[in-house]
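A quick write-up on the structure given underneath.
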Amino acid sequence: MIYVYVLATIAAVVIVERTRSRRVKLAILAALALTLAIVPFVDRTDATFNVLADAGVFVMLALGLNIVVGYAGLLDLGYAAFFAIGAYAYGILASPQFGVHLPFWAILFIAAACAGLAGIVLGAPTLRLHGDYLAIVTLGFGEIVPQVFQNTQAVGGPNGIAALDVPSALGHSFGTAAVPYYFVTLGGIALVAWVARNLGRSRLGRAWMAIREDELAAKHMGIDTTRTKLAAFAIGASFSGLGGVIFAAKLGLVSPDLFQFQVSVLILSMLVLGGMGSLIGVVVGSLVLSLLNSALLPNINAVIASTLHVNVDLTNYHFLIYGVILVAIMLFRPEGFLPNRERRAELHAAAITETSS
Amino acid sequence: MTALLSIDGVSKSFGAVCALSGVDLSVDAGSIFAIIGPNGAGKSTLFNAITGIYTLDSGTIAFDGRRIDGLPTFVIARRGIARTFQNLRLFGFLSAIDNVLIGEHARMRGTLVDSLLGTPRARAQERAARERARAWLDFVGLNDVGEQFARNLSYGAQRRLEIARALASQPRLLLLDEPAAGLNPTEKRELADLVRAIRDRGVTVVLIEHDMGLVMSLCERIAVLDHGEKIAQGAPAEIRANPAVIEAYLGAPA
């Protein structure tokens with residue numbers, strides 16, 4: 001069933017993107033929201049919503065990274081650091097570790113602010129760097145943050161923080177079911193996608209595009225490039241702070257090994273797969289890659305086991321499979337599955353010049 | 001008339017190469033002013049010095065009576081100096097109208113919250129900005145290209161688009177770096193008309209140009225640079241008769 005839900009959702013958002021009439025768009029989005037809200041009451045398999053809630057967190061993360069990489073064109077290879085900061089914010093503020101038990105909903109705001117601030121702290125000294133140099137510094141930051149958590153005994157060192165508080169809403173505890181988290185991620189995605197869409201059409205969004213295209217010309221248009229880039233880092237980071245809180249609350253623990261380099265790469269791959277800069281593309285790319293690992297590969301394992309009577313675990317090869325997918329995308333469709341118009345032209349032209357020169 | 005732009009004793013070297021040495025210039029408000037000189041004379045360097053791309057080794061630049069040397073480029077742009085580039089620097093993969101909208105950036109108001117939430121105020125402002133951008137495209141003679149990528153426009157149209165983008169910031173001083181390069185005679189005539197129309201809107205224009213016919217017919221004042229030094233300044237007729245200028249262009253008499 002999970003594939004039906006996801007494919008139906010993808011179909012709906014693609015139709016929304018291709019439709020011109022505002023009324024039809026709103027109608028489809030409303031129908032989609034209603035359906036997604038009703039489904040858990042009809043389908044009682046919690047495992048499905050467990051997978052979807054995890055995927056939802058990654059959709060939020062990918063939408064945040066899209067601000068930095070897709071809109072502003074700043075290659076950030078350490079994005080998981082902000083995810084970690086969000087998750088640890090929940091770990092510190094809602095666990096017996098320090099005896100602090102703030103409500104989940106309050107921590108969402110606090111974590112978004114902390115992660116945003118961390119984005120500014122990282123950005124301020126590094127945003128004078130361009131391209132590859134910026135990527136290397138962000139890569140370093142992405143390594144440093146989990147290391148700091150790992151080496152800080154106060155936050156549990158390598159063991160992290162366990163027994164995190166179970167969130168509650170309107171007096172009802174979330175309990176052990178995944179469905180409440182599914183609803184939280186739905187709300188989170190809606191919020192984050194709406195903000196990202198507003199930004200893309202705003203004065204700030206255009207300033208990001210100008211910087212991505214030609215930073216020197218952007219300065220001549222009166223754009224304060226340093227502040228504008230910092231805004232991208234801060235906003236992108238705050239999205240992943242939100243995702244981190246939901247992730248930590250759902251898992252019930254945080255530990256440094258959850259936020260390694262491969263998480264940053266995974267999120268970046270979602271953008272590449274779906275189409276950088278395109279909201280629909282990023283949502284689809286992140287859903288597809290999340291489900292590949294958590295649902296599709298285990299299912300294929302089961303099919304292979306029952307038909308060929310061989311026991312293989314394809315999830316052990318998931319990075320190989322991501323790699324093959326990414327290489328294929330780069331060769332055949334460098335702009336991603338569902339790119340926006342600007343990026344399609346740009347990345348396609350870039351790929352053609354590279355291969356012909 | 002008062003000087004809108006005053007350049008005093010500006011020098012700039014790159015290593016051993018002296019790109020500008022002790023250049024003085026004064027541009028009156030409301031004039032069309034040309035900077036000419038052989039290739040490598042320092043003309044574009046002077047533009048880059050004015051817009052804050054280069055820091056000066058010595059000298060001062062004042063705009064409307066206030067020092068602007070040492071300020072960051074975006075602040076100078078916000079003060080009211082816009083420019084075009086010798087080798088077109090459009091945002092190639094954005095539509096023509098988006099290019100002009102980015103030109104309006106500094107003239108638009110809006111807080112971060114407006115951008116995040118897409119408030120009614122932000123949307124109203126956005127609509128108004130879009131209408132102004134269309135008007136600027138019309139003004140430079142680009143009526144039906146709004147949604148096309150800048151890089152897909154013809155060369156002449158790209159030159160015009162760059163001027164529209166610069167005008168969208170509502171500057172008081174417009175710097176045009178070789179605006180006629182690569183244009184055919186008809187396009188050059190249209191460019192001259194456009195520059196006059198810009199001046200008539202109250203914008204002072206300084207242009208770097210190699211086409212002497214265009215410079216002599218269009219500009220009221222001309223400065224000549226050679227090897228980073230100003231060798232002459234005056235009205236077109238004076239420049240044409242100036243022996244130093246003739247020598248710079250044709251070489252020393254045998």
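The values are calculated or read from the model by the stated rules, or taken from the named source; none is laboratory data. Since we're looking at a predicted model, the values are computed, not measured. Glycine gets a Cβ as well: all are built from the backbone with ideal geometry, and neighbour counts include every protein chain shown. Surface areas here come from the heavy atoms of the whole protein model, side chains and all, with no ligands, DNA or RNA. Shrake-Rupley method; radii C 1.70, N 1.55, O 1.52, S 1.80 Å.
Observations on the model:
- Residue under evaluation B:ARG201, criteria (1) under 16 Å from the mean Cα position of the chain (by Cα); (2) touching a residue at least 24 places away in the same chain (Cβ under 8 Å), criterion not met: (2)
- Every residue from the stretch A:204-228 that is part of a helix (DSSP H, G or I), among the charged types (D, E, K, R) and in contact with a Phe, Trp or Tyr (Cβ under 8 Å, 6 or more places away or on another chain): A:ARG212, A:GLU213, A:LYS219
- From the options B:GLY92, B:GLY52, residue that is in contact with a Pro (Cβ under 8 Å, 6 or more places away or on another chain), outside any helix (DSSP H, G or I), open to solvent by less than 50 Å² (accessible area, probe 1.4 Å) and within 14 Å of another protein chain (Cβ to nearest Cβ): B:GLY52
- Number of the exception - B:CYS18 against (1) part of a strand (DSSP E or B); (2) under 27 Å from B:PRO236 (Cα atoms); (3) not β-branched (Val, Ile, Thr): (2)
- Flag if A:SER290 is open to solvent by 10 Å² or more (accessible area, probe 1.4 Å), of a type in the set (Gly, Ala, Ser) and closer than 30 Å to A:ARG18 by Cβ: yes
- Some residue of the stretch B:195-204 being under 22 Å from B:ARG240 (Cα atoms), open to solvent by less than 70 Å² (accessible area, probe 1.4 Å) and among the small types (Gly, Ala, Ser): no
- Matching residues in the stretch A:116-140 - criterion: being open to solvent by less than 40 Å² (accessible area, probe 1.4 Å), of a type in the set (A, V, I, L, M, F, W, C) and closer than 14 Å to A:PHE82 by Cα: A:ALA118, A:LEU122
- When B:ALA106, B:ALA128, B:ALA133 are screened for being open to solvent by 20 Å² or more (accessible area, probe 1.4 Å) and either assigned to a helix (DSSP H, G or I) or more than 16 Å from A:LEU199 (Cβ to Cβ) (or both), only B:ALA128 passes.
- The stretch A:212-237, subset β-branched (Val, Ile, Thr) and under 23 Å from the mean Cα position of the chain (by Cα), residue nearest to the other protein chains (Cβ to nearest Cβ): A:ILE235
- Number of positions in the stretch A:268-314 that are closer than 30 Å to A:ALA345 by Cβ, assigned to a helix (DSSP H, G or I) and not polar (S, T, N, Q): 18
- Any chance B:ASN39 is free of Cβ contacts under 8 Å to residues at least 40 places away in the same chain, in the same structural domain as B:VAL195 (by TED's automatic domain parsing) and either touching a helix residue (DSSP H, G or I) at 6+ places or on another chain (Cβ under 6 Å) or surrounded by 16 or more Cβ atoms within 10 Å (Cβ to Cβ) (or both): no
- Among the residues of the stretch A:98-129, just one is without any contact (Cβ under 8 Å) to a residue 24 or more places away in the chain, closer than 25 Å to A:GLY70 by Cβ and not in a helix (DSSP H, G or I), namely A:LEU129.
- So B:GLY80, is it touching a residue at least 40 places away in the same chain (Cβ under 8 Å) and either touching a Pro at 6+ places or on another chain (Cβ under 7 Å) or within 12 Å of another protein chain (Cβ to nearest Cβ) (or both): yes
- Residue that is farthest from the other protein chains (Cβ to nearest Cβ) [pool: residues in the stretch A:185-202 that are more than 15 Å from the chain's Cα centre (by Cα) and either of a type outside the set (D, E, K, R) or crowded, with 23+ Cβ neighbours inside 10 Å (or both)]: A:GLY200
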